[in-house]
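Notes follow once the structure below has been shown.
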Amino acid sequence: MKQIVFTVIVTLLMIACKPTGDYKAYTNDPFLYSRTVKKLNDVVLGNNFPPMVGSRNYVYASIAAYECVVAGDAKYQTLSGQIKHMPPMPKPDTSKAIDYSFAALLSFTKVGNAVTFPEGSMMDHYNELTEKADSAGMPSDMLENTIAFSDTIVATIMQWSKGDNYAATRGSERFTVKEEDGRWMPTPPMYATAVEPQWGKIRPMVLDSSSQFEIPRPPVFDVSNKNSIYYKALMEVKNVGDSLTEEQKHIADFWDDNPFKMNVSGHVMFATKKFSPPGHWLNIVGIAAKAANADFNSTVGAYAITSIAFFDAFIRGWEEKYKSNYVRPETAINKHVNQEWRPYIQTPPFPSYVSGHATNSSAAAETMTSWFGDQLSFTDTSLLEFGIANREIKSFRAAAAEAAMSRLYGGIHYRFDNDEGLNVGKKVGELIVKRIQLKAK
């Protein structure tokens, strides 16, 4: 009996001594939000999501988090209505104590969990967040109210996401490979089937359609005339690839962002993984936010608008890729110049024109420049975990241009792929900056 009484007294003392008031140092930490995004990034990487599917994972989770910020901060305004098909968001019960920053963390995690697999992949982090908030002193009623409000946002976002045609494009019309000069063909060593040929049918966030902004037709495939635009572009890929400097190799490796590289050594085949382009750029968002000393809400806003840029840029780029169905340099060089030639980095399994990395990086650079300005410089440490040295980022647009050029150095894109990708990506980014106003006027 004495033991029971003692245990009850100790428990009551522990409850009485539970810290109060300091939980905000935990829940309002912008670096915690960046670490939460990185958790989803790791799930996307670990489960081999193609980059355009990864962009979908990120955008809905980021918008869910952002709408929680809007609910608690009058300086920010909802995306509902700005994104035409986005429904109104649930309103919080203002009579109840809610931590809106923490709601953003929970909402990002729960939506990220819902749009990825395997099931429950983000829930360990979700549980860790709630346990740490509790131990940091968040009142139990506030924790309960915050979870309840977050759940209303999550449910609304997930219902909205179901209308974007993603489910309809799973296993739909297959892409037919035609063995004709100038057309895309699977490339070594995997000879994989074309990735996401229907992605142009996904509903954009801001673009009016997947074909908005005209993209010039690529040069006519012509290897018979050594003075043709195409032949000169093809030989540039080969000649540059055959004489790479160490700096050019570093640029190619740094921006490779191949989520699933197949390595072949004799009869042994094994895969290595790195972040996809959107995963890499979202890491850059976190690094930039820290360099800019951005607060929690501004950090969430930066991730949201950049995620939207990537999502729409992928839709525009992929619509063009499968419309043009353009041959990769590796295929043409192997058939018409040198059968043994291989690019410095591995050619991904989809058509060449336009460069997806150039398109997406350019769109992201515009949204990030609008948010952080064009004078922010920092060190990109994203690739250290893969054994690739850092690069200095002088500006977001300079980073986008370097990412585009990396595809020529890598031997997987023609210069015109990159140039036109940068051009259309910039237009996508500019449109998003024009139409999406996160901060209230």
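The values are calculated or read from the model by the stated rules, or taken from the named source; none is laboratory data. None of these values were measured; they are calculated from a predicted model. FYI the Cβ positions are ideal-geometry reconstructions off the backbone, even for glycines, and counts take in every protein chain you see. Just so you know, the surface numbers come from the protein's heavy atoms only, side chains and all, with ligands and any DNA or RNA stripped out. Shrake-Rupley method; radii C 1.70, N 1.55, O 1.52, S 1.80 Å.
Key figures for this structure:
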item: Residue satisfying all of: in the range 352-407; open to solvent by 40 Å² or more (accessible area, probe 1.4 Å) and basic (Lys, Arg); farthest from Lys434 (Cα to Cα) among these; result: Lys394
item: Count of residues meeting criterion [farther than 19 Å from Lys24 by Cβ and open to solvent by 40 Å² or more (accessible area, probe 1.4 Å)] in the range 129-162; result: 6
item: Test: residue in the range 138-151 that is touching a Cys at 6+ places or on another chain (Cβ under 8 Å) and not hydroxyl-bearing (Ser, Thr, Tyr); result: yes
item: Those residues of the range 331-351 which are open to solvent by 30 Å² or more (accessible area, probe 1.4 Å) and of a type outside the set (Lys, Arg), in sequence order; result: Thr331, Asn334, His336, Val337, Asn338, Gln339, Glu340, Tyr344
item: Total residues in the range 99-128, condition surrounded by 21 or more Cβ atoms within 10 Å (Cβ to Cβ) and over 28 Å from Gly163 (Cα atoms); result: 1
item: Tabulated pairs, the range 163-187, first in contact (Cβ under 8 Å) with a residue 60 or more places away in the chain, second among the charged types (D, E, K, R), C-beta under 7 angstrom, 6+ apart or interchain; result: Gly163/Arg203; Asp164/Arg203; Tyr166/Arg56; Trp184/Arg328; Met185/Glu179; Thr187/Arg328; Thr187/Glu330
item: Pairs where the first residue, in the range 22-39, is within 13 Å of Ala65 (Cα to Cα) and the second is assigned to a helix (DSSP H, G or I) and of a type in the set (Val, Ile, Thr), C-beta under 7 Å, 6+ apart; result: Pro30/Thr299; Tyr33/Thr299; Tyr33/Val300; Ser34/Thr299; Thr36/Thr109
item: Selection from the range 131-169 of residues that are farther than 18 Å from Gly72 by Cβ, in contact with a helix residue (DSSP H, G or I) (Cβ under 7 Å, 6 or more places away or on another chain) and polar (S, T, N, Q); result: Ser161, Asn165, Thr169
item: Failed condition for Phe31, given (1) over 24 Å from Met89 (Cα atoms); (2) open to solvent by 10 Å² or more (accessible area, probe 1.4 Å); (3) touching an Asp or Glu at 6+ places or on another chain (Cβ under 8 Å); result: (3)
item: Every pair of residues 6+ apart whose Cβ atoms lie under 9 Å, when the first sits in the range 95-124 and is at positive phi while the second is open to solvent by less than 50 Å² (accessible area, probe 1.4 Å) and of a type in the set (S, T, N, Q); result: Gly120/Asn113
item: Scan of the range 125-154 for residues that are closer than 22 Å to Met89 by Cβ and free of Cβ contacts under 8 Å to residues at least 12 places away in the same chain, ordered by number; result: Glu144, Ala148
item: Every pair of residues 6+ apart whose Cβ atoms lie under 9 Å, when the first sits in the range 214-236 and is modelled with pLDDT of 95 or more while the second is loosely packed, with under 12 Cβ neighbours inside 10 Å; result: Ser228/Val220; Ile229/Val220; Tyr230/Val220; Tyr231/Ser224; Tyr231/Asn225; Lys232/Lys226; Met235/Lys226
item: Unique residue being touching a strand residue (DSSP E or B) at 6+ places or on another chain (Cβ under 6 Å) and at pLDDT 95 or above when the list is Pro88, Pro92; result: Pro88
